[in-house]
Structure formats: structure tokens, C-alpha cells
Amino acid sequence: MKTRMQPIGNAWSKLPRLVRDLSQVTGKQIELEMSGEETELDRTVLDAIKDPLTHMIRNSADHGIESPEKRRAAGKPEIGKVKLHAFHEGGHVVISIEDDGAGINTERVLRKAVSNGLVSDADAGKLSHNEILSLIFRPGFSTAETVSSVSGRGVGMDVVRTSIERIGGTVDLSSTAGVGSGVRIKIPLTLAIISALVVEADGESFGIPQLGVVELVRLAAEDRDRIERIHDNEVFRLRDRLLPLIHLDQVMDLADNEEDDEKDVNIIVVQVGEEQLGMIVPEVFDTEEIVVKPVGKLLKDVAAYQGTTILGDGRVIMILDVSGIASEFGNVAASASDADSSSDANADRDDSATSLLLFDAGGETTMSVPLSLVARLEEFPRSSLEQSGDKLVVQYRGDLLPLLPINGQFGGGESPDPQPVIVFSEGNQSMGLMVHEIQDIIEERLIIRMQSQRPGILGTAIINENATDVIDTQHYIIQANPEWFATREDHGTRRVLVVDDSIFFRQLVRTALESEGYRVVALERPQEAIDIIERGERFDVVVSDIEMPSMDGFSFAKWLKTRPESDGVPVVALSSVNPLTTEPRALEAGFERFLTKFDSQQLIDTIDQLCGEVTLVAGATA
Amino acid sequence: MSNVTATLKSADPAAASSNGDGIAHQLDYENQYVSFWVDGQLLGVPVNAVQEVPNPQSIAPTPKARTEIAGLLNLRGQIVTAVNLRKRMGLPDLDEDQDSMNVVVRHEEESYSLLVDEVGEVINVSTETLEPVPHTLDSH
């Protein structure tokens with residue numbers, strides 16, 4: 001910070017020469033007086049005022065100071081004076097330029113403004129002295145009757161004002177006819193002025209830079225139950241996006257305020273890298289323009305702070321660094337830093353960990369399911385479970401949620417009450433899986449060690465050093481709702497690239513393929529796939545959706561075929577659109593196969609077959 | 001920060017051992033110390049390092065920072081980091097009804113406010129009476 005400050009004299013050094021040249025050209029005698037050169041300013045600010053300053057000195061010398069004859073006639077000394085003075089004033093630097101020239105001829109200014117159409121004749125009479133002066137700053141205004149080589153070329157004071165205002169400064173003009181004119185420029189010490197949202201937690205105020213704030217959500221007290229919980233983490237469904245929530249008073253280690261159910265909830269949605277995060281704050285005040293001051297050495301290593309500031313009433317408040325706060329929450333930070341370093345932030349990379357939800361299926365067996373497949377976790381009182389035909393349902397959000405017990409039978413003697421339910425959903429369809437107890441969420445690389453012969457179980461993986469069954473969500477989904485999907489051997493290190501914008505299908509395909517021993521890279525957007533292929537990643541098979549928001553499957557397949565590194569790699573279309581109309585088009589675009597969503601057995605058979613062919617034909621597996 | 005307290009601790013035995021000594025060195029700023037009490041202990045900092053001793057100030061707490069950092073205070077527009085000496089030296093907290101006093105010191109271009117119980121006089125300490133910090137004291 002310190003090194004950024006430079007004396008304003010650096011920007012002034014050329015001015016004496018400018019004035020000397022000017023006096024020679026114009027035949028006037030001008031003296032430049034400078035004081036306050038040592039006043040320090042941020043370097044960026046300094047650069048920004050250099051040109052406006054030069055311009056204004058020119059103005060004063062050229063328009064302001066009269067010729068020696070006129071000055072003599074007016075009883076003034078022949079040598080005109082231009083004074084340049086800089087000084088600090090309450091967090092600002094004030095630069096004043098004064099000359100003892102003729103002052104600004106307001107009548108001429110007005111006449112000019114009227115002739116340029118800046119003011120109407122009717123209005124002209126009503127303008128005050130200051131209002132007339134401010135006309136000078138209007139675009140397209142220049143009063144010099146003769147255009148000289150030094151000034152009056154129409155690039156007027158409006159440019160000066162624009163450049164000063166861009167750095168958050170103000171320009172004031174004053175003039176007394178016959179005595180002289182003055183310009184007062186007030187600029188901030190540094191450019192570190194930001195707009196910040198002032199919030200309060202536990203009686204302490206904090207500033208959150210407005211730049212990172214996406215929106216504010218106010219949740220009425222009676223809507224509190226819209227905040228849901230996945231294990232110990234609170235989430236909020238905001239326009240179909242799952243927003244992880246954190247409490248400001250908790251993350252800041254402040255006294256834990258008793259949750260007041262009567263109070264509305266303020267959620268500040270902040271952007272951290274590619275992710276959004278909801279911060280629950282007890283109180284939101286107003287936004288304020290604040291000057292960011294650096295924190296001292298002792299506080300530099302505290303990630304939660306970006307700086308500090310002094311509010312108008314003299315209080316010191318800390319400015320929060322939202323990304324620093326988020327970094328304390330493993331997941332968000334990891335992906336945020338990924339986003340900084342590369343574009344594949346959303347890639348579920350084959351060597352990266354999968355979040356798994358562990359639950360007790362009863363009888364002391366722990367099972368797991370990839371968390372990304374889980375829509376919600378719910379608890380229903382047993383009394384609310386109802387029988388419908390041979391199925392169990394529960395009224396849920398104005399609809400009936402079909403329920404299935406994890407262990408195949410319902411009504412064992414030790415059923416928990418309330419009943420924990422894992423809800424899976426896609427589109428408008430949902431189903432609930434009744435489990436004995438939700439245990440934990442862990443991050444682990446999912447490797448299925450043993451294929452399962454039991455229905456509903458994908459296989460067994462080692463999770464937390466325990467053998468854990470990974471359930472086949474498809475099995476249960478189909479049981480609960482057979483129309484959900486018009487509807488599963490070892491492959492070494494075959495790599496499959498899956499591109500699909502629906503995380504649900506991405507995860508489904510991934511689980512299905514991984515359980516067959518394929519290594520899967522699942523990406524949301526074709527562009528991410530293109531990026532990693534261009535970076536040299538190679539795959540044996542590409543599985544792509546057709547309908548995707550940013551780039552459709554056809555363009556993606558065509559791109560793949562134009563690249564030597566990916567030409568020859570079979571591309572499989574996986575789509576829910578009508579095969580009759582789309583299949584020919586897909587084959588033309590370069591897809592080898594067209595499959596409908598979602599028959600995992602069909603997909604696996606196809607991929608097995610394609611992989612076999614590739615090895616036989618070219619060995620294009622780099 | 002450790003440096004500031006280092007200065008302080010090293011000044012400590014000196015200050016404590018030199019009550020009323022050295023009137024002859026009135027103008028010798030090198031050997032003048034601002035004395036103050038922390039939990040009944042008399043300590044001192046070189047007078048050259050002291051910027052000012054303001055009235056009790058309101059301090060904005062900085063949660064998440066190290067516990068000895070009491071917060072920040074606004075000293076006429078200058079932001080000063082307040083260090084709670086009792087916490088830093090592992091002493092019990094001051095009674096709630098008592099206000100800490102500030103001794104604002106400058107160290108490496110930055111200002112710090114040392115929160116102390118009470119500020120004493122500026123005392124002269126002759127160089128001869130200075131003794132090294134006993135090495136049985138740990139390094140901070």
C-alpha cells in the first residue's frame with residue numbers, strides 16, 4: 001500500500017515548462033506557483049489526474065490570464081499568476097488551481113450555451129452564477145473564441161470532469177469577473193473505494209463488498225422450513241438451484257445467537273468463483289461507499305478479512321473477504337480455486353473423490369449412495385405414511401411420494417419414528433427410499449471392489465475402511481415408478497468421457513460405468529470437454545447428450561471428428577429426444593450410436609462393443 | 001508483533017529494577033521508558049517507540065484473529081491494531097468494569113495499541129542498570 005503512494009509533485013514536474021512555453025507562444029507573462037508537491041496520492045489516481053491537470057493549467061494560462069496590456073489597463077501586475085496547491089483534507093486530496101486572470105465571462109458562457117442548444121432562451125435567464133459555470137463541464141462546450149494552438153479545441157472541461165469523476169473525484173469551479181478563476185479538484189487518496197453492504201452479527205458490523213453479492217433473499221419467518229438439511233449442512237433451494245448456507249455468526253466464531261423462529265431470515269447470496277453461497281446474517285443495513293484500508297500485519301493472515309474501514313460515524317468495521325470465508329468450507333473453496341486455475345471446475349474427474357451419503361439400512365449394514373443423486377433428505381412421522389395398493393406413499397409437497405423400504409420389507413418391529421427418507425428426483429418425478437438412519441456424508445473415490453448379485457446393490461466398495469454396499473438407485477427408482485426410464489464385467493483402464501448437462505444422468509451413467517470398471521470423466525458442458533481434449537486428455541469412448549444449453553451434441557460430435565486426436569474415437573449419443581427424427585441427424589453428425597435415456601445395460605453393452613472394436617481396429621487408446 | 005513484545009519484555013526487568021533512578025539523564029531519550037502496569041507488573045516501552053497515550057477508545061473486535069488481538073481502533077482516521085497484553089502474556093483478563101488504557105506504539109511503519117491496565121510515568125533508566133533478560137524466560 002505504502003509503495004503505491006507517490007508525491008503529487010511527480011505529476012507536476014512538467015508543468016513549469018508547459019507554462020513557460022505557453023507564455024512564449026501567447027506573449028503573456030505567466031508565473032506558476034506550486035505548493036504541496038509532497039502530498040501523496042495513489043499512483044493510479046496520480047496517472048488519472050495528470051492529463052486533466054495539464055489541461056486545466058493550459059486553460060488558466062491561455063483563457064484566464066489576460067495579455068500584459070489588458071492587465072495593465074485593469075490595474076493588475078503584468079505578470080499573471082497561476083497557483084497550484086495540493087493538500088490533504090479528510091481522506092481526500094484537494095488540488096486547487098487558481099489564476100488571477102479575467103475570470104470566466106459568464107455572459108459569454110451563457111451565450112455560447114444557448115447557441116449550442118445546451119440551454120433554452122427561456123431557461124437562460126433563470127440560471128444562477130454557479131449554474132452557468134457548471135455549463136462549462138457540459139459536453140461540446142468550448143468558449144475560446146479563437147482556437148489557438150494551446151487550447152480551445154473543443155476537447156473541453158467535460159473530458160476533465162469525466163476523468164476526475166471516473167476515479168471518484170469531484171471538480172468545482174469558481175470565478176469572479178476581473179479577479180480570477182479557480183478550480184478545486186477533490187480526489188480520494190486511493191482508488192480503494194468500494195460499495196459495501198453493511199451487515200450485523202452479534203452486535204458487530206461487517207462490510208461485505210457489493211461486488212461479490214449476487215442478491216439478497218429475505219425469507220419470511222413462516223417460510224423457515226424451506227431451509228433444508230443434508231446431514232448437518234443447511235441448504236436452500238433457490239430457483240431450482242441448491243444453495244449451500246452458512247451462518248455469518250458461526251463462521252466468524254461469534255456468540256451463537258439463539259435461533260429465533262419468529263424472525264425473518266436474511267440470506268446474502270454471494271459469488272465465490274463459480275459457486276454461489278448463501279450467507280445468513282442476523283441484520284442487513286444499507287450499502288455504503290467505503291474506503292478500504294489495509295489491515296495491519298497482525299491481521300494479514302486472517303483469510304476472513306479483506307480490509308477494514310472507518311464508517312461515517314467513526315466506527316471501525318472489518319470488510320469480509322467472502323472467498324476467504326468460503327475457503328473454510330472445503331467443498332466450495334476447492335471448486336472455487338479450481339475455477340481460478342482451470343476451466344474444468346465442474347468436472348467430476350475420475351481420480352477425484354465422490355461425495356457419498358452413508359446410511360444405516362437396518363440390521364447394522366451400512367450402505368451408501370452418491371450424494372449427487374440425492375435430492376433431499378426428509379423425515380416423516382410414521383403416522384403420515386399411507387398405504388396405496390401394495391405401495392407405501394406419503395403426502396409430500398402437495399403430491400404423493402412413493403416410498404420403498406431399503407431392505408425390501410416394511411413394518412419391521414424396530415422401524416424408526418420419524419422415518420428417515422432419502423428422496424431421489426428428476427424433473428417432476430420423485431421417490432423416497434426409507435432407511436433406518438442417515439449416518440454421514442464422506443468424500444471418497446468410489447471404487448466398486450465387488451460386483452453384486454443382489455438386486456438393488458451395485459456392488460461393494462471400501463468406504464471409511466469398511467466394506468459398504470453401494471446401492472443401485474435405478475433399481476429402486478424403477479420399482480417405485482416403472483415409467484421413470486423406459487429402462488446393467490472388468491475393463492482395465494478404459495476411459496469414458498460423459499457429457500451431459502443433467503447432473504442426475506451424468507451421475508447415473510457414471511455409476512453404471514464405474515461399476516463396470518470404466519474410468520469416467522463426467523462433464524457438464526461440451527466446452528469443458530473440448531478444453532480437456534485440447535489439453536491432451538484422451539478417451540476411448542465419448543458419451544454425449546444431444547440437447548444441452550451452451551452447445552448441442554451435434555456440434556460437439558462434429559468438432560470431435562475434425563480433431564485428429566479425437567477422430568476415430570466412437571461417440572455415443574444418449575438422448576431423451578425422439579430417436580425417429582434425431583437418430584439420422586445424429587449419425588450424420590458423427591455419432592456412432594444413438595441410445596435413448598436410459599437403459600444402463602444397453603449403454604454398457606454398446607460401450608463394451610465399441611471399446612472392443614477400437615482396440616481391434618486402431619489401438620487409438622493413447 | 002513478536003518484536004514489539006520482545007522489546008517490551010527486554011525492557012521489563014530494566015524498568016522494574018530502576019525506580020527513581022537516573023534523574024541525571026533527563027534529556028536522554030535513549031534511556032527513557034513509558035511505564036505501565038499489567039496485572040500488577042510494572043513494564044515499560046522505550047519512549048521513542050511510543051506515539052501517544054490516548055483516552056480509552058472503542059475497539060472494533062476482529063473475530064477469527066489471534067486471541068491477543070483485541071481489535072482495531074480508529075485513532076483520528078488512522079487504523080490501529082490493538083494488542084491485549086494480558087492475553088499476550090498469558091495473564092487473566094481484566095475485570096469487566098475496568099477499561100483498558102492504550103499505549104500506542106509505532107513499530108516498522110505500523111501503529112499498535114498496547115492495552116494495559118494503567119499507564120505510569122516516563123522514567124529514566126540508566127544503561128548501566130540494564131540487565132539481559134534471564135534466559136529462563138521463554139523467548140516471547
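Rule-based calculations on the coordinates, nothing more; no lab input. Computed from a prediction, not measured in an experiment: that's the story for all the values here. We place every Cβ from the backbone using ideal geometry, glycine too, and count neighbours over all the protein chains shown.
Starting from a Cα-only point model with no solvent, please compute log10 I(q)/I(0) by Debye for segment A:495-613 at q = 0.11 1/Å.
Debye output, listed in q order: -0.29.
Under 11 Å from the Cβ of A:Val316, count the other residues' Cβ atoms, weight Lys and Arg +1, Asp and Glu -1, and hand me the total.
Its environment carries a net charge of 0.
Can you tell me the alpha carbon radius of gyration of segment A:5-188 divided by the globular rule-of-thumb value 2.2 N^0.38 Å?
My calculation over the Cα atoms of segment A:5-188 gives 1.02.
How much net charge surrounds A:Lys83 when only the other residues with a Cβ under 10 Å from the Cβ of A:Lys83 are counted, with Lys and Arg +1 and Asp and Glu -1?
Overall, the nearby charge balance is -4.
Given the pairs A:Lys28/A:Lys186; A:Lys300/B:Lys64; A:Lys70/A:Lys112; A:Lys28/A:Lys81; A:Lys297/B:Lys64; A:Lys14/A:Lys186, which span a C-alpha to C-alpha distance of over 18 angstrom in this model?
Too far apart for the 18 Å limit: A:Lys28/A:Lys186; A:Lys70/A:Lys112; A:Lys14/A:Lys186.
Would you tally the net charge around B:Pro54, using a Cβ to Cβ cut-off of less than 13 Å, leaving B:Pro54 out, and scoring K and R as +1, D and E as -1?
-1
Once you average over the residues of A:306-316, how many Cβ atoms of partner chains fall within 10 Å of each Cβ?
Partner-chain Cβ atoms within 10 Å, mean over residues of A:306-316: 4.
Would you please put B:63-73, A:547-557, A:376-386 in order of how densely packed they are, using the mean number of other Cβ atoms within 10 angstrom per residue and starting with the highest?
Descending mean neighbour count gives B:63-73, A:547-557, A:376-386.
Antiparallel versus total DSSP beta bridges in segment A:5-188: what percent is that, nearest 5?
80 percent
Counting DSSP beta bridges in segment A:1-91, what percent are antiparallel, to the nearest 5?
Antiparallel bridges make up about 35 percent of those DSSP assigns within segment A:1-91.
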